[in-house]
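I have placed the structure first, in the form of structure tokens, so that the comments after it can refer back to it.
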Amino acid sequence: TTTETKVYGEGDLIATTNYGDDGGTKDNPYLIRNDLELAKLAHDVNSGKTYSGKYFKLTADIDLSKGKWMPIGTWKFDTKNPQKSYFFAGKLNGDGHSIKNMNIEWINEDGCEASWGLFSRLKGTEANEAGFASVTNLIIEDAIIQKEPGFSPIGNGVIKLGTIAGDLTQNAEISNIIIRNSKITDK
């Protein structure tokens, strides 16, 4: 028998409920309570929702040990089709909570820029508080970011790896982050 590795944001590793029509403001942020809700955020952003100007807050520690993590935002940036690359443009406040056991197995694609981390890329929409993308007050523990077993990088594309974000583009910031017992490797 073979067992297929599960991936957050796909199959049964994703929340099926919406964040709701209310909320997403600084005073009333969308709440992320568990791994499946965090996977829903990844799925939504990877489907084209930027959440520009929207606020999210963790309400508990999150354990991602049930499967591999796919970044929040598309991992590959196709320079020929940039409109098919999606970014997180909102704000995530970890509220002092931790994300544990994040396992990323990265790959790349010829002609594309690959960015891997909890977020692939953070990209704000404007140079003001409302338009900045941000991740703050978060602890990452026991994360492993490694090349997919048996994979050899292809072509001449750039590969960017980071625990919080593979790439910070424009109008983006990370602050008050603690990373413990984690590693990034290409094996």
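Values quoted throughout were computed directly from the atomic coordinates according to the rules given, and no laboratory measurement underlies them. Being a predicted model, the structure only gives us computed values, none of them experimental. Here the Cβ is made from the backbone with ideal geometry for all residues, glycine too, and neighbour counts use every protein chain on show.
Could you list which residues have their amide H under 5 Å from that of G24, counting only those 5 or more apart in sequence or on another chain, with H placed in the peptide plane?
Y30, Y55
If you add up the charges near I179, with Lys and Arg at +1 and Asp and Glu at -1, over every other residue whose beta carbon is less than 13 angstrom from its beta carbon, what do you get?
Numbers: positive: K100, R180, K183; negative: E141, D142.
Cβ neighbours under 13 Å give a net charge of +1.
On full extension of the chain, what length is gained from S47 through I178, given 0.36 nm per residue of separation minus the C-alpha to C-alpha distance? Numbers along the way, then the final one.
On the way: separation 131, 0.36 × 131 = 47.16 nm, distance 2.89 nm.
Additional length available on full extension: 44.3 nm.
Using the alpha-carbon centroid of each, what span in Å lies between the range 137-187 and the range 1-70?
So the separation of the two Cα centres works out to 18 Å.
Report the relative contact order of the range 45-187, percent, no decimals, based on alpha-carbon pairs under 8 angstrom and at least 6 residues apart. Don't jump to the answer; show the numbers that get you there.
Values: 402 pairs, mean separation 38.3, N = 143.
Averaging sequence separation for qualifying contacts and normalising by length gives 27 percent for the range 45-187.
Can you find, among G11, L36, N171, the residue sitting farthest towards the positive end of the charge dipole of the chain, where Lys and Arg contribute +1 and Asp and Glu -1 at Cβ?
N171
Full-extension gain between A130 and V158, please, as 0.36 nm times their residue separation minus the C-alpha to C-alpha distance. Each step should come with its number before you reach the end.
Numbers: separation 28, 0.36 × 28 = 10.08 nm, distance 3.03 nm.
Once the chain is fully extended between A130 and V158, it gains 7.1 nm.
Starting from the amide H of W116, placed 1.01 Å from N in the peptide plane, find each other amide H under 5 Å away whose residue is 5 or more places distant or on another chain.
Correct list: K160, L161, G162, G166.
Round to the nearest 0.05 the FRET efficiency obtained for N18 and F151 when R0 = 30 Å and r is the Cβ-Cβ distance. Spell out each step's value before the answer.
Values: r = 35 Å, r/R0 = 1.16.
Working from the Cβ atoms, E equals 0.30.
Quick check on the chain: helices-only [θ] at 222 nm, where DSSP H runs of length 4 and up contribute -39,500 (n - 2.57) each and the sum goes over total residues. Nearest 500, please.
On the way: 1 runs with 12 residues, N = 187.
After summing the helix terms and dividing by residue count, I get -2000 deg cm²/dmol.
Take the chain, connect every pair of alpha-carbon atoms lying under 10 Å apart with a spring to form a Gaussian network, then pick out the residue of A60, A143, A114 with the largest mean-square fluctuation.
Taking springs between Cα atoms under 10 Å, the residue moving most is A60.
Hey, could you grab the Kirkwood Rh for the chain? Inverse mean 1/r over distinct alpha carbon pairs, Å, one decimal.
Working: mean 1/r = 0.0604 Å⁻¹.
Computed over the chain, the radius equals 16.5 Å.
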